Amino acid sequence: MGMTRRFEGKVVFVTGAARGQGRAEAVRFAEEGADVIAIDACAEFASTSYAGATEADLAETVRLVEKAGGKIVASKVDVRDFDGLSAALTAGIEQLGRLDVVVANAGICSAAMSWEITAEQWQETIDVNLTGVFHTAKAAIPHLIAQGEGGAIVFTSSVAGLKGTPFTGHYVATKHAITGLAKTMANELGEFRIRVNTVHPAGVESGMKITEMGPLFERYGATLAPIYMNTLPSHICQPEEIAATVAWLCSYEASQITGAQIPVDMGNLNR
C-alpha cells in the first residue's frame with residue numbers, strides 16, 4: 001500500500017530538521033507530496049550533555065527528502081536568531097512558491113533538580129524551546145495570513161507540557177509555555193483558517209541522550225520514576241510515529257481541530 005499523498009503541492013517549514021523528529025517530519029511530508037523548508041542550528045549547546053546535530057545530519061535530511069520526491073531548501077539557522085530564521089523562511093518561500101504548514105520542532109533538554117538548574121541551563125532552554133518557537137510562529141504567520149488560504153501550525157511540546165515530569169523543571173516550564181502560546185494563537189488565527197495545535201510525545205528515540213538523568217533516577221527513582229511509566233508496554237516512540245501524528249494533524253483529515261493538545265505518549269498521561 002502506497003503512502004497517502006495529502007500534501008501534494010504544499011510547502012512545509014520544519015525547525016530542528018537535522019535529525020530525530022524534525023527529520024522524520026520533513027521526510028514524512030515529502031513522502032506525502034510536500035516540498036520542505038528546513039532549518040537546524042547544527043551546533044553544540046552549552047547546557048546539554050548529548051552531542052548537537054551536525055551539518056552532515058542536515059545534509060542527510062536533504063538526501064532523504066529528495067529521495068522521497070520532495071524539493072527542499074535547507075539552511076543552518078538557529079531558532080534563537082529571529083532575523084536569520086525569518087530570512088531563511090522567506091528565501092524558502094521565494095524558491096518553493098508558498099507556505100502551508102509550520103512545524104516548530106527545535107528543542108533541547110537537560111536535567112537537574114529544579115532548584116539546582118544553573119542560570120545558563122535555564123536561559124538556554126528558555127531561549128531555544130520557548131523563544132525559538134515564538135520566533136518560528138512570528139516569522140511564519142504573516143506569510144500564512146497574506147497567502148489567505150489557511151494553514152496548520154504544530155508546536156512540538158511533550159508530556160512535560162501537561163504534567164510535572166521530575167528533573168526537568170526548566171524544560172517543563174518551556175513545554176507548558178508553548179502549549180499556552182499555541183492555545184492563544186489558535187484563538188487569534190481561527191478567523192484566517194489557520195489551525196494551531198501541540199503534540200505531546202513521551203520518550204522518543206531522537207539522539208537526545210540525557211546522561212545526567214541516570215544518577216537522578218538512581219537517587220530518587222523509587223518515588224519519582226513511576227511518573228515516567230507508560231500504559232502501553234513500549235518504553236520509547238520512534239520519530240516516525242510522532243511524524244505520522246503531526247502529518248495527520250496538519251492534513252484535511254484534522255481540519256476541525258485547533259487549540260488541541262494531542263498526546264503520542266504510550267498512555268503516559270493516563271497513569
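Structural remarks
- Cβ-based net charge around residue 261, under 15 Å, with every Lys or Arg adding one and every Asp or Glu removing one: +3
- Helix axis angle, 169-189 relative to the chain longest principal axis, alpha carbon, degrees: 30 degrees
- Label zone at residue 63, where the point sits 7 Å out along the Cα-to-Cβ direction: segment 13-34 residues whose backbone N lies under 20 Å: 16-31
- Reachable aspartates and glutamates from residue 163, criterion Cα separation under 16 angstrom, eight or more residues apart if same chain: 265
- Listing 79, 36 from fewest to most neighbouring C-beta atoms within 10 Å gives 79, 36.
- Straight-line cross-link partners of residue 138 among the aspartates and glutamates, defined as a Cα under 16 Å from its Cα and at least 8 positions apart when in the same chain: 78, 81, 83, 100, 127, 188.
- Only Lys, Arg, Asp and Glu carry charge here, each on its Cβ (+1 for the first two, -1 for the last two); on that basis segment 11-264 has a dipole of about 440 debye about its Cα centre.
- Efficiency of FRET from Cβ geometry, residue 44 and residue 98, R₀ 45 Å, rounded to 0.05: 0.85
- Environment charge at residue 170 (Cβ cut-off 12 Å; Lys +1, Arg +1, Asp -1, Glu -1): -3
- Positive-end extreme of charge dipole, segment 11-264 - chosen from 165, 111, 204 (charges on Cβ): 165
- Cα centroid of segment 194-271 to Cα centroid of segment 119-151, whole Å: 21 Å
- Helix-derived mean residue ellipticity, 222 nm - over the chain, DSSP H n ≥ 4, -39500 (n - 2.57), to 500: -12500 deg cm²/dmol
- Likely footprinting exposure, 40, 127, 100, fewest C-beta neighbours within 10 Å first: 127, 100, 40
- Average projection area in nm² (convex hull over Cα atoms of segment 11-264, one quarter of hull surface): 12.8 nm²
Values in this text are rule-based calculations from the coordinates and carry no lab data. This is a predicted model, so every value here is computed, not measured. FYI the Cβ positions are ideal-geometry reconstructions off the backbone, even for glycines, and counts take in every protein chain you see.
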